[in-house]
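In what follows, a single structure is set out as structure tokens and then discussed.
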Amino acid sequence: MPPEFDRWARWAYEQAIQREGHVQFDGLWKLGGQYFVVCPDPAARSSDGRPFAEWFMNSCRPMTSPVRLVMQAPPGSERVPERKLEDALLCRGSPRTHYDLVFDLSNAVPPDFPPFTVRDEPPHKIVITFAREISQEEEAVVRHAYEYIGVGFELIIEVDKNRRIPVNFSEIRPSSPGETNIDIIPGRWLGGDIGRSLRWMQEEDEEFWRSKRVPILENMSLTPSAALSVDWFNPGNSCVIDAAVGEYDNLRTYLSLYDRVLLALPLRERFSEALSGLGVNENELIELIQLGRVRLLLPHSIQRYPTKWLEAVAELAPGNMLLSRRLALATILDSRRRIPLLFPPLSPYERYLVLRGLTTMAEQMPASSIKDWMLRISRQLGQGWAAQEYTLSRRGALATSVWGLGALGAEMVEHMWGRDLRLEMWSASMGVEWSGLFGAHLFPRTLGEYDEAPACEMLANIYSVHGDSPVHVEQARTLSVVGGMLALDNKVPIVPFAREFSSSDIRRLRTVMRRLTSENMDEDFLRKAIDDYNVSIRQYERRPDRLKVVNLIGLTAAMITAFGLVEGPVRTYLPLMGAMLGPLLNVAIDEGPAKSESVGKIVDYLNGVLAGGVPPEAVLVARAKKQVKILKG
């Protein structure tokens, strides 16, 4: 009996104990070449209501695997140990299709490794074919990679110089008409249209996944900073926009409220349309990325984006791009901190013990909504745990919502309202997860009449259960208010605007606009509040910058002279000192608010008093409007 069947039996057993955690199991046993899953309960049923034995044989066990279900271990049999967590994380011992094997091998060898193809030969052999002779070092590399992913079959390496080796993904996995493959394609399959800088970033992302996946996912105590540099975290001063689908406001509006916009880049087919909606062109967006005012999140495979444009970004600002696999690891670390059961660093058997405990506790409760909810959640956790490692290895950041927060939210909706909203919850949860990861505010998407805000609000509440780092979901009308008050449109040159709109003013303006919208939920009250603001703004605009008009230096010098606070020789120089310090004070009044939030508050307060009691918040908005007007020319 070849060794790979031992692993397939363990894989089948571990799938069963995770996907059907309510069933009692007593381990996997071996006698000779046969394997036995012990299930003492003959009346056990699967989650879909079928007899458990039927479910196991038809929906869980790989065909030809020598494993079957029994009520007790046969005499003389020995218990088979479950896989370790590392084996599960690397999908060692899991059944693989031809595509799976080529995919995993391609990720396990260096990106410049010679092209190869794979086939199986009866009865239990895998043949890897190269089109040229390979060195001893190269053979050692491929054999190590093969052992590392844990296939189990005998490996044969051959050279066939007449064999054409596929090198592009479209040749390795041809797509059917209308089919979209969302796997994260290995860099060696991307073809020659990917530039050097972008290809290097893809390879770096793959190497990080290859070398850090196990140590990061095995450790419950790690924080997202284990996967990302600290400059990615800017709590409260950034926002997330998932522009892959949906409609968004003008990018200038977001830049007036946040130091940084985390933009999930639109896919290639709607890139131009999305940029038009954001009011920015390709070159301007690159400049904003170079400035650090915009950073890119790239959860999809790199070839699904406009690669020529992305190559320019990779060359000019590689530190402001985040690719899928690293984003996935960081998201998982943050999810664990918030909801530890979503991605627990437990072996398959340890996960089963958790599931068994949850279901046993629920089954002992009287019939109630809480009991139904616990049983539903335990089933969902088990389904997710059984598929997490495989899905993450294939789809990177696109997989976290499917088996994480999105799945949890979908179960809650179906339990409470009987509606299947999995697609909506999966989509909304990505933005919520990223906002939680970066400490950013989230602006939900709209698509025609569909508004993602309610789903985002619900998921954000689930994700903020501990309260120490809540996810903030922003109201869309905050954008319309600030855009209208500042007259922000495409006539405002966006790059100069991003340079000159200072961080201190951004933070204060965001506070003002959020308070304005949150304190006036009724639209009539909001319009009244905006009208009152505009009255104050017009009052200030009639007497702007009065602090510079008041000769503070001259007034101070006159008071010093009048009260005899200095001796005669010094008194002689006071006028000269006033003439020198006056312009410096005016510069401080002009530039101080942009440098310091505290200075801005003082200057705006004094200017408001001198303008006849205008609130400092109205002075702030008036200054911002003036900046916009100047930029418009």
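The values are calculated or read from the model by the stated rules, or taken from the named source; none is laboratory data. Note that the coordinates shown come from a computational prediction; the quantities given were computed from them, not determined experimentally. Every residue, glycine as well, gets a Cβ built from its backbone with ideal geometry; the counts of neighbours run over all protein chains shown. Just the protein is used for accessible areas: all its heavy atoms, side chains included, with ligands, DNA and RNA removed. Shrake-Rupley method; radii C 1.70, N 1.55, O 1.52, S 1.80 Å.
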Number of the condition not met by A498 [criteria: (1) closer than 18 Å to P235 by Cα; (2) of a type outside the set (S, T, Y); (3) crowded, with 20+ Cβ neighbours inside 10 Å]: (1)
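Condition check ((1) among the polar types (S, T, N, Q); (2) within 22 Å of T391 (Cβ to Cβ); (3) in contact with a Lys or Arg (Cβ under 8 Å, 6 or more places away or on another chain)) across all residues:
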{"site": "C91", "(1), (2), (3)": "no, yes, no"}
{"site": "P95", "(1), (2), (3)": "no, yes, no"}
{"site": "D100", "(1), (2), (3)": "no, yes, no"}
{"site": "F103", "(1), (2), (3)": "no, yes, yes"}
{"site": "S106", "(1), (2), (3)": "yes, yes, yes"}
{"site": "P110", "(1), (2), (3)": "no, no, no"}
{"site": "F113", "(1), (2), (3)": "no, no, yes"}
{"site": "H124", "(1), (2), (3)": "no, no, no"}
{"site": "T129", "(1), (2), (3)": "yes, no, yes"}
Go through region 213-232 and give me each residue that's closer than 24 Å to L262 by Cα and surrounded by fewer than 16 Cβ atoms within 10 Å (Cβ to Cβ). T223, S225, A226, S229, V230, D231
Surrounded by fewer than 19 Cβ atoms within 10 Å (Cβ to Cβ) and within 21 Å of R293 (Cα to Cα): does that describe N490? yes
Flag if K161 is more than 30 Å from R338 (Cβ to Cβ), out of contact with any Ser or Thr (no Cβ under 8 Å at 6 or more places or on another chain) and open to solvent by 50 Å² or more (accessible area, probe 1.4 Å): yes
Check whether at least one residue in region 329-347 is open to solvent by less than 10 Å² (accessible area, probe 1.4 Å) and touching a strand residue (DSSP E or B) at 6+ places or on another chain (Cβ under 9 Å), and report yes or no. yes
Name every residue in region 173-200 that is open to solvent by less than 20 Å² (accessible area, probe 1.4 Å) and not in a loop (DSSP other than H, G, I, E, B), in order of residue number. G187, W189, L198
So which residues in region 130-189 are among the basic types (K, R) and touching a residue at least 60 places away in the same chain (Cβ under 8 Å)? R173, R188
Taking region 442-459 as the region of interest, how many residues are closer than 16 Å to M412 by Cβ and open to solvent by less than 30 Å² (accessible area, probe 1.4 Å)? 3
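Inspect region 85-100 for any residue being outside any loop (DSSP other than H, G, I, E, B), in contact (Cβ under 8 Å) with a residue 60 or more places away in the chain and surrounded by fewer than 19 Cβ atoms within 10 Å (Cβ to Cβ) and give the result as yes or no.
Narrowing region 85-100 to residues outside any loop (DSSP other than H, G, I, E, B): 85-89, 98-100.
Checking which are in contact (Cβ under 8 Å) with a residue 60 or more places away in the chain leaves us with 85-89, 99.
Still in the list and also surrounded by fewer than 19 Cβ atoms within 10 Å (Cβ to Cβ): 86, 99.
Checking region 85-100: at least one residue is outside any loop (DSSP other than H, G, I, E, B), in contact (Cβ under 8 Å) with a residue 60 or more places away in the chain and surrounded by fewer than 19 Cβ atoms within 10 Å (Cβ to Cβ).
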For region 119-131, check the following and say yes or no: at least one residue is under 32 Å from the mean Cα position of the chain (by Cα) and not small (G, A, S). no
The lone condition G431 fails out of (1) open to solvent by less than 10 Å² (accessible area, probe 1.4 Å); (2) at positive phi is (2)
Six or more apart or on different chains, Cβ atoms under 8 Å: show the pairs whose first residue is in region 505-523 and touching a residue at least 60 places away in the same chain (Cβ under 8 Å) and in a helix (DSSP H, G or I) and whose second is open to solvent by 70 Å² or more (accessible area, probe 1.4 Å) and not hydrophobic (A, V, I, L, M, F, W, C). R508/K601
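On the basis of being open to solvent by 30 Å² or more (accessible area, probe 1.4 Å), within 27 Å of L509 (Cα to Cα) and modelled with pLDDT under 95, does H472 make the cut?
Answer is yes for this residue.
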Qualifying residue in region 251-262 (condition: free of Cβ contacts under 8 Å to residues at least 60 places away in the same chain, touching a helix residue (DSSP H, G or I) at 6+ places or on another chain (Cβ under 8 Å) and not acidic (D, E)): yes
Which number in (1) assigned to a helix (DSSP H, G or I); (2) modelled with pLDDT of 85 or more marks the one condition that S170 misses? (2)
Listed by first then second residue, the pairs whose first member lies in region 403-430 and is aromatic (F, W, Y), whose partner is not in a helix (DSSP H, G or I), with beta carbons under 9 Å and at least 6 positions apart or on separate chains, are W403/L342; W403/F343
Taking region 233-270 and keeping only residues that are over 20 Å from R508 (Cβ atoms), surrounded by fewer than 17 Cβ atoms within 10 Å (Cβ to Cβ) and of a type in the set (G, A, S), one is left with none
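Do we have E82 as without any contact (Cβ under 8 Å) to a residue 60 or more places away in the chain and not small (G, A, S) here? Don't jump to the end; show me each part of the working.
Numbers: without any contact (Cβ under 8 Å) to a residue 60 or more places away in the chain: no; not small (G, A, S): yes.
So E82 fails the test.
Show me the helices (runs of 4 or more DSSP H) entirely contained within region 408-490 in which 3 or more residues are farther than 16 Å from R514 by Cβ. Show your work before the answer.
Numbers: elements: 422-438, 453-463, 476-486.
Ranges flagged: 422-438, 453-463.
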Taking region 271-291 on its own, how many of its residues are open to solvent by less than 20 Å² (accessible area, probe 1.4 Å) and in contact with a strand residue (DSSP E or B) (Cβ under 7 Å, 6 or more places away or on another chain)? 3
Name, by its number, the condition in (1) surrounded by fewer than 22 Cβ atoms within 10 Å (Cβ to Cβ); (2) of a type in the set (G, A, S); (3) touching a Ser or Thr at 6+ places or on another chain (Cβ under 8 Å) that does not hold for A312. (3)
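This table checks each residue for (1) in contact with a strand residue (DSSP E or B) (Cβ under 7 Å, 6 or more places away or on another chain); (2) more than 22 Å from V127 (Cα to Cα).
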site: S46; (1), (2): no, yes
site: A53; (1), (2): yes, yes
site: N58; (1), (2): no, yes
site: V67; (1), (2): yes, yes
site: Q72; (1), (2): yes, yes
site: P75; (1), (2): no, yes
site: D100; (1), (2): no, no
Index of the failed condition, V465 passing every other in (1) surrounded by 15 or more Cβ atoms within 10 Å (Cβ to Cβ); (2) among the β-branched types (V, I, T); (3) under 21 Å from the mean Cα position of the chain (by Cα): (1)
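How many of the residues in region 201-225 are closer than 26 Å to L341 by Cα, outside any loop (DSSP other than H, G, I, E, B) and in contact with a helix residue (DSSP H, G or I) (Cβ under 6 Å, 6 or more places away or on another chain)? It would help to see each step written out before you state the result.
Taking region 201-225 first, the residues closer than 26 Å to L341 by Cα are 208-225.
Right, trim to outside any loop (DSSP other than H, G, I, E, B) and you get 208-217, 224-225.
Checking the rest, the ones that are also in contact with a helix residue (DSSP H, G or I) (Cβ under 6 Å, 6 or more places away or on another chain) come to 208-209, 214, 216-217, 224.
So the answer is 6.
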Would you check which residues across region 11-44 are in contact with a Lys or Arg (Cβ under 6 Å, 6 or more places away or on another chain) and open to solvent by 20 Å² or more (accessible area, probe 1.4 Å) and list them? W29
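When the residues of region 132-151 are narrowed to those that are surrounded by 16 or more Cβ atoms within 10 Å (Cβ to Cβ) and in contact with a strand residue (DSSP E or B) (Cβ under 9 Å, 6 or more places away or on another chain), which ends up nearest to A9 (Cα to Cα)? Please lay out each step first, then the result.
As a first pass, look at region 132-151 and keep what is surrounded by 16 or more Cβ atoms within 10 Å (Cβ to Cβ): 134, 138, 141-142, 145-146, 149-151.
Filter again for in contact with a strand residue (DSSP E or B) (Cβ under 9 Å, 6 or more places away or on another chain), leaving 134, 138, 142, 146, 151.
On the way: I134: 35, E138: 32, V142: 26, Y146: 20, V151: 13 Å.
Only one residue tops the list, namely V151.
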